[in-house]
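A quick write-up on the structure given underneath.
The values are calculated or read from the model by the stated rules, or taken from the named source; none is laboratory data. As the structure is a prediction and not an experimental result, all values here were calculated from the model. Please note: Cβ atoms are built from the backbone with ideal geometry, for glycine as well, and neighbour counts cover all protein chains shown.
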Amino acid sequence: MGERQRISYVPLDRMTPDMVSVIERCAREGVPRPESSAVRAHSEGAFWAFEDAWQKLFRSGVVAHDIKELCRVYVSRSVKCEYCGNQRSLEAQATGVGEGKLDELLNFETSPQYSDRERAALAYAEAITWRLSPDDDFWDRLHRYFSEEELVELAGFICLTMGQQSWIRLLNIDHFEVLGDTATAMAPGLDDAQALARARESETYWAKS
């Protein structure tokens with residue numbers, strides 16, 4: 001990404017076997033891909049706190065995974081975390097969350113790409129990310145589409161991914177640097193380091209907008 005990396009990757013031979021298993025799963029399944037987890041491995045407490053929270057809030061729970069993926073990428077586009085914004089959930093892709101839908105995220109209120117429930121979730125992500133002060137109509141809208149359990153879980157996920165992405169964008173880490181022989185969960189067309197570099201040179205690259 002053209003700047004010096006700020007915190008190093010922990011080599012796999014310095015991790016516990018359980019941590020290596022997580023890194024290998026990240027390379028195999030993505031979101032997160034292995035580089036960010038290899039940085040978190042400097043602190044076993046931070047590594048496992050994130051891993052446990054991510055599995056409970058993103059990979060499982062009561063809120064549909066595709067809703068969470070929309071919110072995750074919305075945060076990426078908002079805080080301009082390229083590392084996170086260039087990843088895609090395979091599970092969400094399988095349920096129809098494609099690039100056309102993701103390209104419209106910052107225009108979610110007016111785009112026909114989204115359902116009313118998806119717009120409500122993204123308005124929630126927007127309010128948390130940008131520290132808005134919404135009125136009663138905002139909350140009435142949320143309660144129309146989500147239970148209180150869902151609202152708490154969704155907020156927990158949005159806060160988790162917003163905090164991590166706000167930090168990760170400072171690190172200057174990049175894809176294909178840890179177990180980098182796989183393009184699993186990368187956005188379409190970003191199949192290797194060279195393709196990623198070419199995408200960044202394009203005037204239509206999302207992080208330039």
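Kindly indicate which of 147, 209, 202, 166 is under 25 Å from residue 39 (Cβ atoms) and hydroxyl-bearing (Ser, Thr, Tyr). Full working, then the answer.
Values: 147 fails: under 25 Å from residue 39 (Cβ atoms); 209 fails: under 25 Å from residue 39 (Cβ atoms); 202 fails: under 25 Å from residue 39 (Cβ atoms).
From the options 147, 209, 202, 166, the qualifying one is 166.
Can you tell me which condition residue 106 does not meet? The list is (1) at pLDDT 95 or above; (2) in a helix (DSSP H, G or I), and all the others hold.
Among (1) at pLDDT 95 or above; (2) in a helix (DSSP H, G or I), the lone unmet condition for residue 106 is (1).
Has the stretch 70-80 got any residue that is over 18 Å from residue 184 (Cβ atoms), touching an Asp or Glu at 6+ places or on another chain (Cβ under 8 Å) and of a type outside the set (S, T, N, Q)?
Scanning the stretch 70-80, I find at least one residue that is over 18 Å from residue 184 (Cβ atoms), touching an Asp or Glu at 6+ places or on another chain (Cβ under 8 Å) and of a type outside the set (S, T, N, Q), so the answer is yes.
Scan the stretch 117-135 and report the pairs whose first residue is touching a residue at least 12 places away in the same chain (Cβ under 8 Å) and whose second residue is charged (D, E, K, R) and surrounded by fewer than 16 Cβ atoms within 10 Å (Cβ to Cβ), with Cβ atoms within less than 7 Å and a gap of 6+ or a chain change.
Between residues of the stretch 117-135 that are touching a residue at least 12 places away in the same chain (Cβ under 8 Å) and residues that are charged (D, E, K, R) and surrounded by fewer than 16 Cβ atoms within 10 Å (Cβ to Cβ), there is no close pair.
Tell me, which helices (runs of 4 or more DSSP H) wholly within the stretch 1-82 include 1 or more residues that are in contact with a Pro (Cβ under 8 Å, 6 or more places away or on another chain)? Working first, answer last.
On the way: elements: 17-29, 34-40, 44-54, 65-79.
Result: 17-29, 44-54.
Kindly list, by first and then second residue, each pair from a residue in the stretch 182-198 that is of a type in the set (Val, Ile, Thr) to a residue that is surrounded by 14 or more Cβ atoms within 10 Å (Cβ to Cβ) and assigned to a loop (DSSP other than H, G, I, E, B), limited to pairs with Cβ atoms under 7 Å and residues at least 6 apart or on different chains.
Between residues of the stretch 182-198 that are of a type in the set (Val, Ile, Thr) and residues that are surrounded by 14 or more Cβ atoms within 10 Å (Cβ to Cβ) and assigned to a loop (DSSP other than H, G, I, E, B), the close pairs are 184/30.
Quick check on my filter: what residues within the stretch 41-59 are more than 21 Å from residue 150 (Cα to Cα), touching a helix residue (DSSP H, G or I) at 6+ places or on another chain (Cβ under 6 Å) and among the small types (Gly, Ala, Ser)?
Selection gives 41, 46.
In the stretch 122-134, what residues are surrounded by fewer than 16 Cβ atoms within 10 Å (Cβ to Cβ) and either of a type in the set (Ser, Thr, Tyr) or more than 24 Å from residue 103 (Cα to Cα) (or both)?
Of everything in the stretch 122-134, those that are surrounded by fewer than 16 Cβ atoms within 10 Å (Cβ to Cβ) and either of a type in the set (Ser, Thr, Tyr) or more than 24 Å from residue 103 (Cα to Cα) (or both) turn out to be 133, 134.
From 100, 85, 61, which residue is closer than 28 Å to residue 173 by Cα and in contact (Cβ under 8 Å) with a residue 60 or more places away in the chain? Steps first, please.
On the way: 100 fails: in contact (Cβ under 8 Å) with a residue 60 or more places away in the chain; 61 fails: closer than 28 Å to residue 173 by Cα.
The conditions single out 85.
Here is a list: 51, 3, 44, 29. Which entry is in contact (Cβ under 8 Å) with a residue 12 or more places away in the chain and surrounded by 17 or more Cβ atoms within 10 Å (Cβ to Cβ)? Lay out the reasoning, then the answer.
On the way: 3 fails: surrounded by 17 or more Cβ atoms within 10 Å (Cβ to Cβ); 44 fails: surrounded by 17 or more Cβ atoms within 10 Å (Cβ to Cβ); 29 fails: surrounded by 17 or more Cβ atoms within 10 Å (Cβ to Cβ).
Every option except 51 fails the conditions.
Look at residue 109 and say whether it is surrounded by fewer than 19 Cβ atoms within 10 Å (Cβ to Cβ) and touching a Lys or Arg at 6+ places or on another chain (Cβ under 9 Å). Spell out the reasoning first.
On the way: surrounded by fewer than 19 Cβ atoms within 10 Å (Cβ to Cβ): yes; touching a Lys or Arg at 6+ places or on another chain (Cβ under 9 Å): yes.
Criteria met by residue 109.
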